[in-house]
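One structure is given below, encoded as structure tokens.
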Amino acid sequence: MNIRTRQKACAGLTKELNRTPATGIPLLLLALACVQGSCAVSGNDAATTAYTRATAAYEAGDMDEARIEAATAASLDPSMLDARLLLGKAFFFLELDDQSITTLSATLRRVPRAGETALWLARAYRMADESDKAIATCETLLASDPASVAALRLRATLAMDDDDTASALRYLNMAVEASAETGMAFLDRAAIRWAFGDREGTYADLETAMMTLPRGSHALVEVGRLIDDLKALEP
């Protein structure tokens, strides 16, 4: 592998690792691509490593370590917005509401349509007793993604904070409808997987659909029957 090809490989794999830090495959491929020779990956290798450690700490529930590593990653690579989001979430769980709001607000300004960032910012505003800002942020998110179940549930919670039960119920009904659509998507994919002989994938999607579809719905009953019918076809 010549230097130019190796540089392209390293840069591409580093970008992939930034998107999917939980998997070890891109990291392994990156090491293989960069071995034996100069590797001109940008100076953000340390940021990627710090972000990977931050993600692991966050998933393990170690929010203080996640905060430290995410802050390190963000300082080493200011363009790594995932690190800034993770930092804001760590602040949230550490009950450092002001720092969470500051971090998430700055991140959202750089990517206005970043749904997850807006969601966590709305949560941070709520915990800081800034309900008006929480509602405004949540409404902005729902304007761009009206089927976001997490945002609809948060909006219902904000309505309940104001003793507005009718609005809370309306948002939760919308969340249930959105969840039903998700369940139907799993059902559609199960049909395709079955057609291609992917038995394990089919059953996995059908079981997920059953967990997602509203209890007592006609679709849920039909999925249960479909699973029984498929099992009856097996030798």
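The values are calculated or read from the model by the stated rules, or taken from the named source; none is laboratory data. Computed from a prediction, not measured in an experiment: that's the story for all the values here. With ideal geometry, Cβ positions are generated from the backbone for all residues, glycine too; neighbour counts draw on all protein chains shown.
So here's what we get for this one:
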{"item": "One residue from 202, 182 being closer than 26 Å to residue 222 by Cα, of a type in the set (Val, Ile, Thr), more than 19 Å from the chain's Cα centre (by Cα) and at pLDDT below 90", "result": "202"}
{"item": "Answer from 165, 208 - the residue that is over 24 Å from residue 104 (Cβ atoms), of a type in the set (Val, Ile, Thr) and surrounded by 15 or more Cβ atoms within 10 Å (Cβ to Cβ)", "result": "208"}
{"item": "Conditions (1) in a helix (DSSP H, G or I); (2) touching a helix residue (DSSP H, G or I) at 6+ places or on another chain (Cβ under 9 Å); (3) more than 26 Å from residue 183 (Cβ to Cβ); number of the one not met by residue 118", "result": "(3)"}
{"item": "The range 84-115: number of residues that are among the aliphatic types (A, V, I, L, M) and part of a helix (DSSP H, G or I)", "result": "8"}
{"item": "Residue satisfying condition, being modelled with pLDDT of 85 or more and hydrophobic (A, V, I, L, M, F, W, C), within set 191, 168", "result": "168"}
{"item": "The range 135-150 - residue that is surrounded by 21 or more Cβ atoms within 10 Å (Cβ to Cβ) and under 16 Å from residue 89 (Cβ atoms) and, of those, modelled with the lowest pLDDT", "result": "141"}
{"item": "Pair list, Cβ < 7 Å and 6+ apart or interchain, from the range 144-156 residues that are under 17 Å from residue 185 (Cβ atoms) to residues that are of a type in the set (S, T, N, Q)", "result": "149/179"}
{"item": "Restricting the range 81-123 to residues that are among the polar types (S, T, N, Q) and within 18 Å of residue 139 (Cβ to Cβ), the residue that is farthest from the chain's Cα centre (by Cα)", "result": "105"}
